[in-house]
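Q: Can you keep this structure in mind? I'll have questions shortly.
Derivation of every value follows stated rules applied to the coordinates shown; laboratory data play no part. Everything quoted here is computed from the prediction, not taken from an experiment. A quick note on method: Cβ atoms are made from the backbone with ideal geometry, for glycine too, and the neighbour counts reach across all protein chains shown.
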Amino acid sequence: MTSLTQITLEVTDPAAAEGFYGASGLGAHVRLRAAAADVPSEGFRGFAVSLTVPRPADVRALVDAAAAAGATVLKAAAKSFWGYGGVVRAPDGTVWKFASSEKKEKGPATGRVERVVLLLGTTDMTATKEFYVAHGLTVARSFGRKYVEFAGAEGSVTLALYPRRALAKDVGVPDDGSGAHRVALGGGRARFSDPDGFAWEPQPQAEAEAEAEPQAEAEPQAEAEPAGR
C-alpha cells in the first residue's frame, strides 16, 4: 500500500444520500454504499473529510451548497488561525470540513478543490503512525503527537491523523461515539483494519490481480511436468 485512493461512505438511506451528495456536489469525492442494517453507529464516528480550496469564497460556496442540500452547519464559514474554514455534517452523519489557507478575499469562488484529505481520529498517535509506516505509507508532515500527514500518489486522497479528541474539537462535535465508523478506505492489495478499527479494502482490480497471482505462479510448474518425463 502506498496511498489512499478512494473513500467509501456507508449510509443507512442510499436514496437520500444520493440526493444530498448529488445536490451538494460533494459526491464527486466519495463513493456510497448501503450500511449493514444490524451494525449500529452512534455519535462521532472518528473521522472527517476535508476539502482544501483556493479562496474563502470557495469555502462559503461549499458550506452554502451543503446547507441548501440538507447538511447541518457545525461551524459557519469564517476566518481561523490557519486561514478560512467551515464545517458541516451531512444527513448521513459524515462530517465535512472546508478550508483555505487564504484569509483575504481574492475574488469569487473558483469551484476548484485542491486536495481531498481524510482526517482519522486516533487514540494513540504513535502506534497508528507506526502502523501505517509499516504498511508502506511515507510521512510527509508530522507535528509530534498533534498531527501526522502521509504522502500519496498524484490524484490520490491525502491521509492524515489527529488525536480523536482534537479532531472532534476541530470540527465542533462531542468526541463520544460508538459502533461502526461507516467509512471504508480504498487502497493497496489486501483487507485489514488499523489500530482504531478503520477498515481498508483493495480496489476491485487490485484484489483480482492479487487473487490471480498464486495461479500464475503455479501454471509454469504444471506445464514443465511433461518435459521431465
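Q: Let me have the 222 nm mean residue ellipticity of the chain computed from DSSP H runs of 4+ only, each contributing -39500 (n - 2.57), with the sum over all residues rounded to the nearest 500.
A: One gets -8500 deg cm²/dmol as the mean residue ellipticity at 222 nm.
Q: Ordered by packing density, taken as the mean number of other Cβ atoms within 10 Å over each peptide's residues, highest first, how do 65-73, 133-141 rank?
A: So the order, starting with the most tightly packed, is 65-73, 133-141.
Q: Nearest 5 percent is fine: what portion of the DSSP beta bridges confined to the chain is antiparallel?
A: Given both bridge residues lie in the chain, the antiparallel proportion sits at roughly 65 percent.
Q: Just the Cα atoms of region 50-97, one point each, no solvent: what log10 I(q)/I(0) does Debye give at q = 0.25 Å⁻¹?
A: So the normalised log intensities are -0.86.
Q: Can I ask one more? I need the phi-derived Karplus couplings for region 190-201: 6.51 cos²θ - 1.76 cosθ + 1.60, θ = phi - 60°, integer Hz, Gly and Pro marked x.
A: Couplings: 9, 9, 6, 10, 7, x, 9, x, 6, 8, 9, 9 Hz.
Q: Beyond 34 Å, what share of the Cα-Cα pairs of the chain remains, rounded to the nearest whole percent?
A: Of all Cα-Cα pairs in the chain, 19 percent lie more than 34 Å apart.
Q: Here's a follow-up. Can you tell me the relative contact order of region 6-180? Whole percent, Cα pairs under 8 Å, sequence separation 6 or more.
A: Working: 375 pairs, mean separation 44.1, N = 175.
Reported relative contact order: 25 percent.
Q: Another question about this same structure. In whole Hz and in residue order, list the ³J(HN,Hα) couplings for region 65-75 that follow from phi through the Karplus curve 6.51 cos²θ - 1.76 cosθ + 1.60, θ = phi - 60°; x for Gly and Pro.
A: Working through the residues one at a time gives 5, 5, 5, 5, 8, x, 6, 9, 7, 8, 9 Hz.
Q: Same structure again: Just how large is the dipole of the chain about the Cα centre, in debye to the nearest 20, putting +1 at every Lys and Arg Cβ and -1 at every Asp and Glu Cβ?
A: 1520
Q: Okay, next question. Under a straight-distance cross-link criterion of Cα-Cα below 30 Å, which lysines are reachable from K103, leaving out those fewer than 8 residues away in the same chain?
A: The qualifying lysines are K75, K79, K146, K169.
Q: May I ask you to sort S178, S24, S142 by Cβ crowding, counting other Cβ atoms within 10 Å and putting the fewest first? Walk me through the numbers on the way to the answer.
A: Numbers: S178 10, S24 22, S142 14.
Ascending number of Cβ neighbours within 10 Å: S178, S142, S24.
Q: Pull up all non-local amide H partners of V113: gap of 5 or more, or a different chain, and H-to-H distance under 5 Å with H placed in the peptide plane.
A: The list, which skips near neighbours in sequence, is empty: none.
Q: Fewest to most neighbouring Cβ within 10 Å: what's the order for W96, W200, W82?
A: Going from least to most buried by this count: W82, W200, W96.
Q: Could you work out which residue, out of P174, P91, P202, moves most in a Gaussian network model of the chain, that is, has the largest mean-square fluctuation with Cα springs under 10 Å?
A: P174
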